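The values are calculated or read from the model by the stated rules, or taken from the named source; none is laboratory data. Remember, it's a predicted structure, so these values are computed and weren't measured experimentally. All Cβ positions, glycine included, derive from the backbone under ideal geometry; neighbour counts span all protein chains shown.
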Amino acid sequence: MSIGLNWALYINRPPSSHSGRTMMILAPEKTTTEGACILIVDDDEGVRENLGELFELVGYSILTARSATEALQRLGQDNVDLLLTDYRMPGPNGVELIESARRMKPGLRAILMTAFGDTFTEIESVRRGAIGYVNKPFEADEITNLVARILALRGA
């Protein structure tokens, strides 16, 4: 069963207890910006785990959060270079999280992921501070290349 991420590297791991799903992924080439830390925010544990594993494979430091509230706490405690957040989550959505996070850390880069994208959501996310926007499902190289390009803009 897919979780909305279309990757292809074999990770030999049982399904997570939360999502009950496994994933087969193929890691892209290393495209990391040395020392960069990504905060991955998604209410789906399987998505957090799989994105975390993908970005660790290509050399990033990873933090995760299951909600906007938890993400804002992490941002207050940790040095984060990029916020990668889902749009639909219980509580504040990803666009609201990006707006709050950018008020806390004005230079923070942010990418909004969504399976429910439309032109309004994309425009609103950019208006509120997102630098990148990606529709689920996406390929591993698509998300890792987007992250690398956005971090390169910052010079991280």
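Can you find a residue that is of a type in the set (Asp, Glu), touching a residue at least 24 places away in the same chain (Cβ under 8 Å), surrounded by fewer than 16 Cβ atoms within 10 Å (Cβ to Cβ) and at negative phi anywhere in region 73-83? Yes, the conditions are met somewhere in region 73-83.
Take GLU56 and tell me if it is surrounded by fewer than 16 Cβ atoms within 10 Å (Cβ to Cβ) and closer than 17 Å to GLY35 by Cα.
Details: surrounded by fewer than 16 Cβ atoms within 10 Å (Cβ to Cβ): yes; closer than 17 Å to GLY35 by Cα: yes.
Yes: the conditions hold for GLU56.
Just one of the numbered conditions (1) of a type outside the set (Ser, Thr, Tyr); (2) closer than 28 Å to ASP118 by Cβ; (3) touching a strand residue (DSSP E or B) at 6+ places or on another chain (Cβ under 8 Å); (4) at pLDDT below 50 is not true of LEU26: (2).
Of the residues LEU153, LEU146, the single one that is of a type in the set (A, V, I, L, M), more than 17 Å from ARG102 (Cα to Cα) and touching a residue at least 24 places away in the same chain (Cβ under 8 Å) is LEU146.
In region 108-156, what count of residues is obtained for those that are closer than 14 Å to CYS37 by Cα and either surrounded by fewer than 15 Cβ atoms within 10 Å (Cβ to Cβ) or not polar (S, T, N, Q) (or both)?
Counting residues in region 108-156 that are closer than 14 Å to CYS37 by Cα and either surrounded by fewer than 15 Cβ atoms within 10 Å (Cβ to Cβ) or not polar (S, T, N, Q) (or both) gives 12.
From the list ASP86, ASP81, the lone residue that is more than 21 Å from GLY35 (Cα to Cα) and modelled with pLDDT of 95 or more is ASP86.
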